[in-house]
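> One structure follows; several queries about it will come next.
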Amino acid sequence: MSELKNILKNKKTCKSIWFMRQAGRYLPEFRKIRAQNPNFIKICLNSELSSEITLQPIKRFNLDSAIIFSDILMVPYALGQEVNFEKNLGPKLSEFKMSELLINNEKKFSQKLSPVYKAIEITRKKLDKKKSLICFIGAPWTLIIYMLNIKGNNSDLNIEKLKIFNSNIKQIFEELHEYLCIHIKNQINAGADVVQIFDSWAGLVPIDNMNDYCFLPNKKLVDFCKKSQIPNICFPKGINEKYKEFNETVKPDCISLDKDVDPLWIRDNLKDVVFQGGLDPRVMLDTEEEIKIAATKYIKIFKDIPYVFNLGHGLLPETDPAKVDSLIKFFRSHNG
């Protein structure tokens, strides 16, 4: 059993370290590949290349876990929406059509994502058995943000545009849950052993819809994972003090901490869950000494309880790989 899986399943206090977006944009070896492959979706669908990218940070840093190089928007892609990544603007999806969502089936969906599953198979064979291979999905609400194009330019929610879909929203959530469970199952069957559920835009959920749009959809996914004995990590980014209610309702194996939540408050208020992350990714742009001071705060707060060292979001493109290496060595010197 991998160390991360052991921590999540048995609430062990042994320490582990990996980073969100550890495979990608800050690494020169990835940038070289990206320069030769401008279409991001095609990279994700190139099994050999996706596996190579996944293993780059493992080879460079010997991190405790690998996370498959893919994207949460591979699910909308497999359900029939066009997905394009525009430089400096992020992802752009084609117009959502309910009729196109409803004509999908498990076989068609799985076939479109078969290269992702093949990448996991290849990676698992090459990865040390003691290391976890993490797969991931986007939670329904976060996918809906992109699928319906309801996020404004300033990372706020276009409430009026959301209202247009009021009559279909429940069915969209239900359809997404079905296919997300299929995607989890297929990734685990291919060789992944932990799943992280990214609700990256949970902070945009209208307060009156928090239960229906965030808590319950995440709970349904976690319940599916638990029934299938799949270790799971939830990341409800941006919900601040609602972390406690989220944890009590959803009951994930592990909860990933947003950089904006107070780790002391988290430690004292959230029970029966493994903690992960929290360090502000912007700290990685500071001096090595400042990084060590910030990391020490989390190491001390979560001393002697189950904790996975990570960030409060993904590594930034301008991060110096040498500082990542230094942080890993510093963490391990405290948790050897």
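> Can you tell me how many residues in region 1-38 are modelled with pLDDT under 95, touching a Pro at 6+ places or on another chain (Cβ under 8 Å) and assigned to a helix (DSSP H, G or I)?
5
> Sticking with this one: Can you give me the number of residues within region 58-109 that are among the polar types (S, T, N, Q), closer than 20 Å to residue 25 by Cβ and out of contact with any Cys (no Cβ under 7 Å at 6 or more places or on another chain)?
The total comes to 3.
> Sticking with this one: Quick one: which residue in 126, 112 is over 19 Å from the mean Cα position of the chain (by Cα) and within 23 Å of residue 1 (Cα to Cα)?
Going through 126, 112 in turn, just one is over 19 Å from the mean Cα position of the chain (by Cα) and within 23 Å of residue 1 (Cα to Cα): 126.
> Among the candidates 236, 231, single out the residue that is under 16 Å from the mean Cα position of the chain (by Cα), under 23 Å from residue 172 (Cα atoms) and of a type outside the set (Ser, Thr, Tyr). Reasoning before the result, please.
Details: 231 fails: under 23 Å from residue 172 (Cα atoms).
The unique qualifying residue is 236.
> Are there helices (runs of 4 or more DSSP H) fully within region 123-240 with at least 3 residues that are surrounded by fewer than 19 Cβ atoms within 10 Å (Cβ to Cβ) and acidic (Asp, Glu)? List them.
Correct list: 169-190.
> Looking only at region 271-309, how many residues end up being under 19 Å from residue 3 (Cα atoms) and in contact with an Asp or Glu (Cβ under 8 Å, 6 or more places away or on another chain)? Please lay out each step first, then the result.
Looking only at region 271-309, we keep the residues that are under 19 Å from residue 3 (Cα atoms), and these are 272-277, 299, 302-309.
Next, only the ones that are in contact with an Asp or Glu (Cβ under 8 Å, 6 or more places away or on another chain) stay: 273-274.
Looking only at that region, the number is 2.
> Still on this structure, I have one more. Starting from residues that are in contact with a strand residue (DSSP E or B) (Cβ under 7 Å, 6 or more places away or on another chain) and among the hydrophobic types (A, V, I, L, M, F, W, C), keep the ones in region 169-187 and report whichever is nearest to residue 310 (Cα to Cα). Explain how you work it out, then say what you get.
Taking region 169-187 first, the residues in contact with a strand residue (DSSP E or B) (Cβ under 7 Å, 6 or more places away or on another chain) are 180, 183-184, 187.
If we keep only those that are among the hydrophobic types (A, V, I, L, M, F, W, C) too, we end up with 180, 184.
Numbers: 180: 24, 184: 22 Å.
If we take residues in region 169-187 being in contact with a strand residue (DSSP E or B) (Cβ under 7 Å, 6 or more places away or on another chain) and among the hydrophobic types (A, V, I, L, M, F, W, C), then 184 is nearest to residue 310 (Cα to Cα).
> Considering only region 60-77, I want to know if a residue exists there that is out of contact with any Ser or Thr (no Cβ under 6 Å at 6 or more places or on another chain), of a type in the set (S, T, N, Q) and closer than 29 Å to residue 308 by Cβ. Break it down stepwise before answering.
Quick first cut of region 60-77, residues out of contact with any Ser or Thr (no Cβ under 6 Å at 6 or more places or on another chain) only: 60-63, 67, 70-77.
Retained after the next criterion (residues that are of a type in the set (S, T, N, Q)): 62, 70.
Among the residues that remain, those that are also closer than 29 Å to residue 308 by Cβ are: 62, 70.
There is at least one residue in region 60-77 that is out of contact with any Ser or Thr (no Cβ under 6 Å at 6 or more places or on another chain), of a type in the set (S, T, N, Q) and closer than 29 Å to residue 308 by Cβ.
> On to the next question. So, residue 48, is that one of a type in the set (Asp, Glu), surrounded by 15 or more Cβ atoms within 10 Å (Cβ to Cβ) and in a helix (DSSP H, G or I) or not?
In short, no.
> Another question, then. Being under 22 Å from residue 210 (Cβ atoms) and either crowded, with 17+ Cβ neighbours inside 10 Å or without any contact (Cβ under 8 Å) to a residue 40 or more places away in the chain (or both) is the requirement here; does residue 248 meet it? Explain how you work it out, then say what you get.
On the way: under 22 Å from residue 210 (Cβ atoms): yes; either crowded, with 17+ Cβ neighbours inside 10 Å or without any contact (Cβ under 8 Å) to a residue 40 or more places away in the chain (or both): yes.
So residue 248 passes the test.
> Further question: From the list 247, 310, 335, pick out the single residue that is under 23 Å from residue 21 (Cα atoms) and under 20 Å from the mean Cα position of the chain (by Cα).
Numbers: 247 fails: under 23 Å from residue 21 (Cα atoms); 335 fails: under 20 Å from the mean Cα position of the chain (by Cα).
From the options 247, 310, 335, the qualifying one is 310.
> Something else about it: Could you list, in sequence order, all residues of region 285-312 that are assigned to a loop (DSSP other than H, G, I, E, B) and either without any contact (Cβ under 8 Å) to a residue 24 or more places away in the chain or on the phi > 0 side of the Ramachandran plot (or both)?
Matches in region 285-312: 286, 287, 303, 304.
> Considering only residues of region 71-95 that are under 16 Å from the mean Cα position of the chain (by Cα) and β-branched (Val, Ile, Thr), which is farthest from residue 37 (Cα to Cα)?
Per the stated criteria, the residue is 75.
> Any chance region 273-283 includes a residue that's in a helix (DSSP H, G or I) and of a type outside the set (Lys, Arg)?
Yes, the conditions are met somewhere in region 273-283.
> Pull up region 51-70, narrow it to residues that are in a loop (DSSP other than H, G, I, E, B) and aliphatic (A, V, I, L, M), then point me to the one that is nearest to the chain's Cα centre (by Cα).
Within region 51-70, the first condition is being in a loop (DSSP other than H, G, I, E, B), and the residues that meet it are 62-64, 68-70.
Pick out the ones that are also aliphatic (A, V, I, L, M) and you get 63, 68.
Values: 63: 17, 68: 10 Å.
Only one residue tops the list, namely 68.
> A follow-up question, please. Do you know which residues across region 20-41 are within 30 Å of residue 303 (Cβ to Cβ), touching a helix residue (DSSP H, G or I) at 6+ places or on another chain (Cβ under 7 Å) and in contact (Cβ under 8 Å) with a residue 60 or more places away in the chain?
The answer is 22, 26.
Per-residue answers, yes or no, for (1) touching a residue at least 60 places away in the same chain (Cβ under 8 Å); (2) surrounded by 14 or more Cβ atoms within 10 Å (Cβ to Cβ); (3) over 23 Å from residue 236 (Cβ atoms); (4) touching a His at 6+ places or on another chain (Cβ under 9 Å):
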| site | (1), (2), (3), (4) |
| --- | --- |
| 254 | yes, yes, no, no |
| 283 | no, yes, no, no |
| 314 | yes, yes, no, no |
| 321 | yes, yes, yes, no |
| 329 | no, no, yes, no |
| 332 | yes, yes, yes, no |
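> Additional query: Name the single residue, out of those in region 73-90 being in contact with a Pro (Cβ under 9 Å, 6 or more places away or on another chain) and assigned to a strand (DSSP E or B), that is nearest to residue 145 (Cα to Cα).
Out of the qualifying residues, it is 83.
The values are calculated or read from the model by the stated rules, or taken from the named source; none is laboratory data. Owing to the predicted nature of the structure, the values given are computational and were not obtained by experimental measurement. Cβ sites come from the backbone with ideal geometry, for glycine too, and all protein chains shown count toward neighbours.
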